[in-house]
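Q: Mind having a look at this structure? Questions to follow.
The values are calculated or read from the model by the stated rules, or taken from the named source; none is laboratory data. Keep in mind that what you see is a predicted model, and the values were worked out from it rather than measured. A quick note on method: Cβ atoms are made from the backbone with ideal geometry, for glycine too, and the neighbour counts reach across all protein chains shown.
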Amino acid sequence: MDSLKALIREVPDFPKPGINFYDITTLLKDATGFKNVIDSLTELYRSTPIDVVLGIEARGFIIAPAVAYALGYGFIPVRKQKKLPAERARIEYQLEYGTDVLEIHKDAINPGQNVLIIDDVLATGGTAAAVAELVETLQGKVAGLGFILELDFLKGREKLGRHEVHSLVHY
């Protein structure tokens, strides 16, 4: 996956001094790179029992629907609070500096459905763990979690320990 890594722009001191931001927009605009991301994630989960693919706002909305399409499944969005129109389930979770809230339609997942969670980056694991908990609250089963890149030094994978996790690029 070195070819993908070469397409990811590193932006020092963003969003604040001392943080090195890994910008996937340069990867997404490259037709071959974008295709490789979708093809690679699709291949990782082709033999996994899945009923639906879930994407986390915002960049998960770019990748997850394409993976869902390639695998032949539907797509479920998980949004920031107050963005979904129907009855919602919500989870508040801890960020590095405060809390955030994510929501899903209560009828998005049927009990027992196998849900593949897709997002762009696995960092501290807080968002992904919250979404996995939200899926399980609706009685779905987490079939796996897939990411474009993982910041290994933040140890986010540890928060997802009981779930299968795949990342295409590691920093």
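Q: Which condition breaks for Glu57 when tested against (1) touching a His at 6+ places or on another chain (Cβ under 8 Å); (2) touching a residue at least 40 places away in the same chain (Cβ under 8 Å)?
A: Just one mismatch for Glu57, condition (1).
Q: Given the options Lys141, Lys159, Lys155, name the one that is of a type in the set (Lys, Arg) and within 22 Å of Val52 (Cα to Cα). Steps first, answer last, please.
A: Details: Lys159 fails: within 22 Å of Val52 (Cα to Cα); Lys155 fails: within 22 Å of Val52 (Cα to Cα).
Of Lys141, Lys159, Lys155, the one residue that is of a type in the set (Lys, Arg) and within 22 Å of Val52 (Cα to Cα) is Lys141.
Q: When you scan segment 128-167, how many residues do you find that are of a type outside the set (Val, Ile, Thr), within 12 Å of the chain's Cα centre (by Cα) and in a strand (DSSP E or B)?
A: Residues flagged as of a type outside the set (Val, Ile, Thr), within 12 Å of the chain's Cα centre (by Cα) and in a strand (DSSP E or B) within segment 128-167 amount to 8.
Q: Find all pairs meeting these conditions: Cβ atoms under 9 angstrom apart; at least six residues apart or on different chains; first residue within segment 133-152 and of a type in the set (Lys, Arg); second residue at pLDDT 95 or above and part of a strand (DSSP E or B).
A: Partner pairs satisfying both residue conditions: Lys141/Asn114; Lys141/Val115.
Q: Please give the number of the condition Tyr69 fails out of (1) surrounded by 13 or more Cβ atoms within 10 Å (Cβ to Cβ); (2) touching a residue at least 12 places away in the same chain (Cβ under 8 Å).
A: The single condition Tyr69 does not satisfy is (2).
Q: Test of understanding: among Val78, Val52, which residue is within 13 Å of Ala128 (Cα to Cα), touching a strand residue (DSSP E or B) at 6+ places or on another chain (Cβ under 8 Å) and touching a residue at least 12 places away in the same chain (Cβ under 8 Å)?
A: On the way: Val52 fails: within 13 Å of Ala128 (Cα to Cα).
Answer to the check: Val78.
Q: Does Glu43 satisfy the criteria of being modelled with pLDDT of 95 or more, acidic (Asp, Glu) and surrounded by fewer than 17 Cβ atoms within 10 Å (Cβ to Cβ)? Talk me through it step by step, then tell me what you get.
A: On the way: modelled with pLDDT of 95 or more: yes; acidic (Asp, Glu): yes; surrounded by fewer than 17 Cβ atoms within 10 Å (Cβ to Cβ): yes.
Yes.
Q: I want to confirm something. Restricting to segment 129-171 and keeping residues that are touching a His at 6+ places or on another chain (Cβ under 8 Å) and among the charged types (D, E, K, R), which single residue is surrounded by the fewest Cβ atoms within 10 Å (Cβ to Cβ)?
A: Top of the filtered list is Asp152.
Q: Among the residues of segment 82-96, which ones are exposed (fewer than 13 other Cβ atoms within 10 Å of the Cβ) and either among the aromatic types (Phe, Trp, Tyr) or within 17 Å of Leu138 (Cα to Cα) (or both)?
A: Passing the criteria: Ala86, Glu87, Glu92.
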